[in-house]
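J.: Mind looking over this structure? Questions follow.
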Amino acid sequence: MLRHRLALVLPAVLASHFAVATPLGIPPVPIPPDNPQSAAKIALGDKLFHDQRFSATGAVSCATCHDAKKAFTDSPLRTSEGIRKLTATRNAPTVINAAYFASQFWDGRSISLEDQSQHPMVNPVEMGLPNHEPVLKIVREDPAYVEGFKKAFGKSGKDVTMGDVEKAIASFERTVISGDS
């Protein structure tokens with residue numbers, strides 16, 4: 001129960017004070033030099049993580065399979081369900097403490113949280129987009145995202161890239177940590 005509470009509370013705390021103490025028993029979260037944490041970027045990443053418009057059906061977000069109420073997993077499912085209830089070959093691993101992993105996905109095919117964050121959107125079973133253009137259209141045109149990317153990256157319009165989307169999502173995911181368990 002304590003771990004669940006930390007996983008839910010810590011992102012909110014870090015969004016306003018991103019330099020808080022690390023939970024007991026774990027080292028500081030590794031932050032890549034090209035993606036420093038900021039309150040604006042963490043808040044933007046949280047919004048992106050929960051946006052269902054980044055799926056072909058408008059019904060699936062990152063948070064669908066990495067549900068905070070289920071320790072950022074999709075338990076008790078044996079295999080994850082994406083768009084139109086399509087099932088993948090595995091279940092979603094937790095996001096908790098993923099910031100410490102040397103690689104992402106069960107098979108280790110991504111070397112960073114940034115790289116990992118782009119793949120589910122274009123996976124035909126998970127979020128089902130044909131490419132990342134629908135994501136970029138939304139983040140470049142939605143007024144809340146326009147403001148969010150200006151605050152987090154100082155960018156707007158065509159200057160916002162998928163790399164920026166990836167960095168924001170990864171920044172949020174780096175706040176989902178738990179220790180003392």
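J.: State which residue is surrounded by the most Cβ atoms within 10 Å (Cβ to Cβ) when the search covers only the stretch 64-83 and only residues that are touching a helix residue (DSSP H, G or I) at 6+ places or on another chain (Cβ under 7 Å) and under 18 Å from Met127 (Cα atoms). Even if it seems obvious, please write down each step before you answer.
T.: Step one: list which residues in the stretch 64-83 are touching a helix residue (DSSP H, G or I) at 6+ places or on another chain (Cβ under 7 Å), which gives 68, 71-72, 74, 80.
Now restrict to residues that are under 18 Å from Met127 (Cα atoms): 72, 74, 80.
Values: Phe72: 26, Asp74: 20, Ser80: 22.
Out of the qualifying residues, it is Phe72.
J.: State yes or no: is Ile169 assigned to a helix (DSSP H, G or I), touching a residue at least 40 places away in the same chain (Cβ under 8 Å), farther than 28 Å from Ser103 by Cβ and touching a Phe, Trp or Tyr at 6+ places or on another chain (Cβ under 9 Å)?
T.: On the way: assigned to a helix (DSSP H, G or I): yes; touching a residue at least 40 places away in the same chain (Cβ under 8 Å): yes; farther than 28 Å from Ser103 by Cβ: no; touching a Phe, Trp or Tyr at 6+ places or on another chain (Cβ under 9 Å): yes.
Judged against the criteria, Ile169 is not a match.
J.: Could I ask something else about it? Determine whether Lys137 is closer than 25 Å to Thr57 by Cα and at pLDDT below 95.
T.: no
J.: Residues of the stretch 116-126 being buried (at least 17 other Cβ atoms within 10 Å of the Cβ) and over 22 Å from Asp159 (Cα atoms), which ones?
T.: Listed by number, the residues that qualify are Pro120, Glu126.
J.: Now for a separate question. So, of the residues in the stretch 148-166 that are open to solvent by 50 Å² or more (accessible area, probe 1.4 Å) and closer than 14 Å to His132 by Cβ, which turns out to be farthest from the chain's Cα centre (by Cα)?
T.: Filtering the stretch 148-166 for residues that are open to solvent by 50 Å² or more (accessible area, probe 1.4 Å) and closer than 14 Å to His132 by Cβ, the one farthest from the chain's Cα centre (by Cα) comes out as Lys158.
J.: Check off (1) open to solvent by 50 Å² or more (accessible area, probe 1.4 Å); (2) more than 18 Å from Ala43 (Cα to Cα) for Pro93 and give me the number that stays unchecked.
T.: Answer for Pro93: the failing condition is (1).
J.: Moving on to the next point. Picking from Leu113, Leu136, Leu129, Leu86, which residue would you name as being in contact with a strand residue (DSSP E or B) (Cβ under 9 Å, 6 or more places away or on another chain) and surrounded by 15 or more Cβ atoms within 10 Å (Cβ to Cβ)? Spell out how you get there, then give the answer.
T.: Working: Leu136 fails: in contact with a strand residue (DSSP E or B) (Cβ under 9 Å, 6 or more places away or on another chain); Leu129 fails: in contact with a strand residue (DSSP E or B) (Cβ under 9 Å, 6 or more places away or on another chain); Leu86 fails: in contact with a strand residue (DSSP E or B) (Cβ under 9 Å, 6 or more places away or on another chain).
After applying the criteria, what remains is Leu113.
The values are calculated or read from the model by the stated rules, or taken from the named source; none is laboratory data. All of these numbers come straight from a predicted model, not from anything done at the bench. Every residue, glycine among them, receives a Cβ derived from its backbone with ideal geometry; neighbour counts consider all protein chains shown. Calculation scope for accessible area: heavy atoms of the full protein, side chains included, ligands and nucleic acids excluded. Shrake-Rupley method; radii C 1.70, N 1.55, O 1.52, S 1.80 Å.
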